[in-house]
Amino acid sequence: MAMKQAATAAIRAFSSSVASQSSPLVRHLHASAGSKKIVGVFYKANEYAAMNPNFVGCVEGSLGIREWLESQGHQYIVTDDKEGLNCELEKHIPDLHVLITTPFHPAYVTAERIKKAKNLELLLTAGIGSDHVDLNAAAAAGLTVAEVTGSNVVSVAEDELMRILILVRNFLPGHHQVIKGEWNVAGIAHRAYDLEGKTIGTVGAGRIGKLLLQRLKPFNCNLLYHDRLKIDPELEKQIGAKFEEDMDAMLPKCDVLVINTPLTDKTRGLFNKERIAKCKKGVLIVNNARGAIMDTEAVVDACNSGHIGGYSGDVWNPQPAPKDHPWRYMPNQAMTPHISGTTIDAQLRYAAGVKDMLDRYFKGQDFPAQNYIVKEGELAPQYR
């Protein structure tokens, strides 16, 4: 009961904070009157669904909004089946009004699907990152695309810090020794280091990048960042981070490189063979942003050669990653499924954010400005 009360309080608090930031202006979503068909695409939790009442980010939890939606006369269909012409999602494409999906089990919304979706008005991402949507096609069709900005930035930044430490301290091979019943200190210690004094650079210093830099400050590292916008001067001074206007000039300075930029037409394949070659030999790379920012084979080759000393992240291209994805088998990797932004705390925040935006959509009200990825046919600045 205490956990349920805490969950309710968290959702109310988040919804209240979002509402306080919102614009009072009415936006023009051109929402038709009456009942809406809303489809959610999430991963199945199976036996894990019952283990935590706050596990709302799965098919079984359905963001905790089913009762609310159905009480208002809306139809809410939830599935994990999203691939192929005969999948469950495809059956509902022609007449759905709203599609909700997540970065963790993305429903790829292609130009073809948008063309088929004659009633589609709104695409919502439960979380952060809407690159699973063909944003140009969505803009051309006059759709609204929005996400719950800020909902899991703490979760991802904490996860990035953990991965940095895992790579720097060569943690995973030591853990694997324990599982195998081995004891070989030398096998770990020959490539284990302290984080203090190392140079950490982030490509992208938005909400997540800034939080990571703040969390790294107590470790006494040399902190660098590259972004299209500079951090507020006062915050930059507090953190002690240095702005690097030229990303390629920053790369050879970094012992650890963290990717925190969104996936756009400009960043897709950004780290190819040539750019990885500009990094310091033995560089450690953490990527919780998007797998497609990296050239898959270039990362494998660099890990095999030792130019990348260790690679960790939870994002892949595509997702879910197939069993034969080469990143599963390259040396010195610390990869996981896409989990960094879907902690229980994050789920409660992005579930509350989705409910808030749906409520505004039904009422014809504006969303919080920072949530828009496509609005009135125009892409957000970071996706242009």
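The values are calculated or read from the model by the stated rules, or taken from the named source; none is laboratory data. Fair warning: this is a prediction, and the values are worked out from it, not measured in the lab. Reconstructed Cβ throughout: ideal geometry from the backbone, glycine too, with neighbour counts over all protein chains shown. Keep in mind that these areas ignore ligands, DNA and RNA; they rest on the heavy atoms of the full protein, side chains included. Shrake-Rupley method; radii C 1.70, N 1.55, O 1.52, S 1.80 Å.
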- prompt: Scanning region 331-356 for residues that are within 24 Å of Leu165 (Cβ to Cβ) and touching a strand residue (DSSP E or B) at 6+ places or on another chain (Cβ under 7 Å), which turns out surrounded by the most Cβ atoms within 10 Å (Cβ to Cβ)?
  reply: Gln333
message: When you scan region 168-179, do you find a residue that is outside any helix (DSSP H, G or I), surrounded by 14 or more Cβ atoms within 10 Å (Cβ to Cβ), at pLDDT 95 or above and not polar (S, T, N, Q), even just one?
response: yes
field: Filter result for Pro318 (at pLDDT below 95 and assigned to a loop (DSSP other than H, G, I, E, B))
entry: yes
query: Name the residues in region 215-274 that are surrounded by fewer than 17 Cβ atoms within 10 Å (Cβ to Cβ), of a type in the set (D, E, K, R) and in a loop (DSSP other than H, G, I, E, B), would you?
result: Arg228, Lys230, Asp232, Glu245, Asp246, Asp265, Lys266, Arg268
task: Kindly establish whether Ala157 is outside any loop (DSSP other than H, G, I, E, B), surrounded by fewer than 20 Cβ atoms within 10 Å (Cβ to Cβ) and touching a residue at least 24 places away in the same chain (Cβ under 8 Å).
output: no
task: Among the residues of region 282-297, write down those that are out of contact with any Ser or Thr (no Cβ under 9 Å at 6 or more places or on another chain) and either open to solvent by 10 Å² or more (accessible area, probe 1.4 Å) or under 25 Å from Asn222 (Cα atoms) (or both).
output: Gly282, Val283, Met294, Asp295, Thr296, Glu297
- line: Selection from region 364-382 of residues surrounded by fewer than 13 Cβ atoms within 10 Å (Cβ to Cβ) and not in a helix (DSSP H, G or I) yields Gly364, Glu376, Gly377, Glu378
query: Which residue out of Leu165, Leu120 is without any contact (Cβ under 8 Å) to a residue 60 or more places away in the chain, over 25 Å from Ala45 (Cβ atoms), in a helix (DSSP H, G or I) and open to solvent by 10 Å² or more (accessible area, probe 1.4 Å)?
result: Leu165
